[in-house]
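Right, one structure below, let's go through it.
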Amino acid sequence: MSLTGEQQYRTASAGGGGIVVLDFETSGMSPVQGDRAIEIGAVRIVAGKIVDRFQSLMNPGRRISGFIEAYTGITNAMVQAAPPAAEVMEAFHGFLGEEPLVAHNASFDRRFLDDELHRIDRCRRQEFACTLLVARRIYPDAPNHKLATLVAYKNLPTDGRFHRALADAEMTAHLWLRMEQDLRDHYGFAEVPFDLMSALAGQKKNRVDAFLREQVKAIRGM
């Protein structure tokens, strides 16, 4: 996995029939407190494969803290040389299309996506699913459900880099694909719809097995 061209966004035309897995690196925890996105990474999955990528640093017009520099490896010099946030988000809005969205700890990324899109008078219409919440239901015996832990727990592809947007988006995509595969193997799904994965995240722990068996029967009965 390479993060070449970190000061240039990379995008291809949006397709259909897939999902987009995304990750933001940010200057802090909440846009309500004035924090901004400083990097976006995303991959498109179609038919079980990553077929497209988008990655860019973005300049929010302010300095980032020493803590964020150390945590992400993204420096003030890198951010200052990056395209303006508005330019990046305009391109990313085009990349998203209308496909469903996935992120790890999706409530965090959803807040920043909606805030950055609002700044350019754009909005998100599609739904989000959260790999952290789904993993809690599918892998209750994992040591915890942080992305790095799940990558190790399921032996997912990684180059060992974390807290950079494209790397995290790719690992999240591999986690999503592994969860789909494990559901197919264990319950006999031919396909695992996005809506089923999203609904699974909201199930009580003691209802997960029954819910999935009910879904298999319902799909086979169509």
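To the nearest 500 deg cm²/dmol, what mean residue ellipticity at 222 nm is calculated for the chain from DSSP H runs of n ≥ 4 alone, each contributing -39,500 (n - 2.57), summed and divided by the residues? Each step should come with its number before you reach the end.
On the way: 9 runs with 96 residues, N = 222.
Dividing the helical sum by the residues of the chain leaves -13000 deg cm²/dmol.
Need one number for region 134-222: average projected area of the convex hull over its C-alpha atoms, nm².
Working: hull surface 24.2 nm².
Orientation-averaged projected area of the Cα hull: 6.1 nm².
Work out the charge dipole of the chain with +1 on the Cβ of Lys and Arg and -1 on the Cβ of Asp and Glu about the Cα centre, then indicate which of 190, 140, 166 is farthest towards its positive end.
Comparing the listed Cα positions along the dipole, 140 ranks first.
What does the convex hull of the alpha-carbon atoms of region 59-204 project to on average, in nm²?
Working: hull surface 40.2 nm².
Taking a quarter of the hull surface, the average projection is 10.1 nm².
Rounding to the nearest 20 debye, state how big the charge dipole of the chain is about its Cα centre with +1 on each Lys and Arg Cβ and -1 on each Asp and Glu Cβ.
Working: 27 positive and 28 negative charges, 115 e Å.
About 560 debye.
Under a plain spin-label model, where a point goes 7 Å from the Cα along Cα-to-Cβ, how far apart in nm are residue 144 and residue 216?
For residue 144 paired with residue 216, the spin-label model returns 3.3 nm.
Using packing as a proxy for protection, rank 49-61, 115-127, 171-183 so that the peptide with the highest average count of other Cβ atoms within 10 Å comes first.
Details: 49-61: 19.7, 115-127: 13.8, 171-183: 21.6.
Top to bottom by mean Cβ count within 10 Å: 171-183, 49-61, 115-127.
Which whole-number value in Å³ per residue fits the convex hull of the alpha carbons of region 122-165? Display every interim value, and only then the final one.
Numbers: hull volume 4.8 nm³, N = 44.
Hull volume over Cα atoms, normalised by residue count, gives 109 Å³.
Give me the percent of DSSP beta bridges within the chain that run antiparallel, rounded to the nearest 5. Spell out each step's value before the answer.
Values: 17 of 23 bridges.
Bridges in the chain that DSSP calls antiparallel: roughly 75 percent.
Can you compute the FRET efficiency between residue 87 and residue 162 using 1/(1 + (r/R0)^6), with r the Cβ-Cβ distance and R0 = 30 Å? Round to the nearest 0.05. Don't skip to the end; give the middle numbers.
Working: r = 27 Å, r/R0 = 0.89.
After rounding, the FRET efficiency stands at 0.65.
No lab work stands behind these numbers, since they all come straight from the coordinates. Everything numeric here is computed off the predicted structure, so don't read it as measured data. Note: ideal-geometry Cβ built from the backbone for every residue, glycine included; neighbour counts use all protein chains shown.
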